[in-house]
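Worksheet: one structure, shown below.
The values are calculated or read from the model by the stated rules, or taken from the named source; none is laboratory data. Since this is a predicted model, take the numbers as computed values, not measurements. A quick note on method: Cβ atoms are made from the backbone with ideal geometry, for glycine too, and the neighbour counts reach across all protein chains shown. Ligands, DNA and RNA are excluded from the accessible area calculation, which covers all protein heavy atoms including side chains. Shrake-Rupley method; radii C 1.70, N 1.55, O 1.52, S 1.80 Å.
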Amino acid sequence: MSNVLELKQIKRHFGVGETKVCVLKGVNFALKAGEVVALLGPSGSGKSTLLQIAGLLDSPNSGSVWVNGQEINTKNDAIRTQVRQRTMGFVYQSHLLLNDFSALENVMLPMLIAGQNQTAARERALILLDRMGLKKRAQHRPGQLSGGEQQRVAIARALANQPQILLADEPTGNLDPQTAESVFKTLLNVVAETGLAALIATHNPELAQKMHRRITVQDGQIVELK
């Protein structure tokens, strides 16, 4: 299968002179449709930086980011934003839901921003919440939901615009082990059903073992784990 995401010779440093810290040192990585890859590594190793660059939220000092065979990181802000909206979904450790909106409204919001009409956005949001086992909780606000339920809403929101690529940064990091296992199982099922490509940063080796591949960042380079 073709690569939906490619990172080529990505280098990223922060600071200048004596304060310069090289986080990524020529990273090469490819992600195929339907593939779920675990990104492992200790805090500070560069996992989040790698995800930010892959998601076009940060720019490398050198190297290129390719999405569906096109180099994107050199494009202007408007094009990069359009690519993010159309092809990528993001899930973070903190759910980042809007507390004044219901679960349904939180999932609808990305579709409305992308220009979807309200009726169609509501219909798809309900389908996604149902897939997450939250149909009966659609009208509840985040404060009325458990941590696991809030993260399921966040996953539904990430899938709202039918992305090809899902980027997740410690999506179960704030959950207890049992809830984390349940949320992760739901996430894997959705990926399998939709053919998404997913890159998931995690500290949990047990969850990582359930993915197709495992990689880590060591001394600024990607290393494949067996």
*Around residue 128, with a cut-off of 15 angstrom between Cβ atoms, what is the net charge of the other residues, counting Lys and Arg +1 and Asp and Glu -1?*
+3
*For residue 13 and residue 32 in one chain, what is 0.36 nm times their gap in residues minus the Cα-Cα distance, to one decimal in nm?*
4.1 nm
_Lysine pair count for region 1-145 [Cα-Cα under 18 Å; pairs on different chains or 8 or more apart]_ = 9
*Return the calculated 222 nm mean residue ellipticity for the chain, to the nearest 500 deg cm²/dmol, obtained by summing -39500 (n - 2.57) across DSSP H runs with n ≥ 4 and dividing by the residue count.*
-10500 deg cm²/dmol
*For the chain, what % of the accessible area comes from carbon and sulfur atoms, probe 1.4 Å?*
48 percent
*Accessible area per residue in Å² at 1.4 Å probe, computed on region 5-132*: 50 Å²
_Treating only the Cβ of Lys, Arg, Asp and Glu as charged (+1, +1, -1, -1), what charge dipole size does region 61-210 show about its Cα centre? Round to the nearest 20 debye._
380 debye
*asked:* Show me, bin by bin at 5 Å from 0, the whole-percent P(r) of region 88-204 based on Cα pairs.
replied: 2, 13, 24, 26, 22, 10, 2, 0
*What is the spin-label model distance, in nm, from residue 71 to residue 226 if the labels are put 7 Å beyond Cα along the C-beta direction?*
3.6 nm
_Between residue 64 and residue 212, how high is the FRET efficiency from 1/(1 + (r/R0)^6) when r is the Cβ-Cβ distance and R₀ = 30 Å? Nearest 0.05._
0.80
*Evaluate the relative contact order of the chain (contact order divided by residue number), counting alpha-carbon pairs under 8 angstrom at least 6 apart; express in whole percent.*
30 percent
*If amide H atoms are built 1.01 Å from N in the plane of the peptide, which residues on other chains or at least 5 residues away come under 5 Å of the amide H of residue 89?*
165, 166, 167
*In whole Å, what is the distance between the alpha-carbon centres of region 29-101 and region 132-186?*
19 Å
*Starting from the Cα of residue 117, step 7 Å along the direction of its Cβ; do the same at residue 185; then give the gap between the two resulting points in nm.*
4.0 nm
_Global size of the chain as Cα Rg and Dmax, reported in angstrom_ = 17.5, 56
*What accessible area per residue, rounded to a whole number of Å², is obtained for region 143-201 using a probe radius of 1.4 Å?*
36 Å²
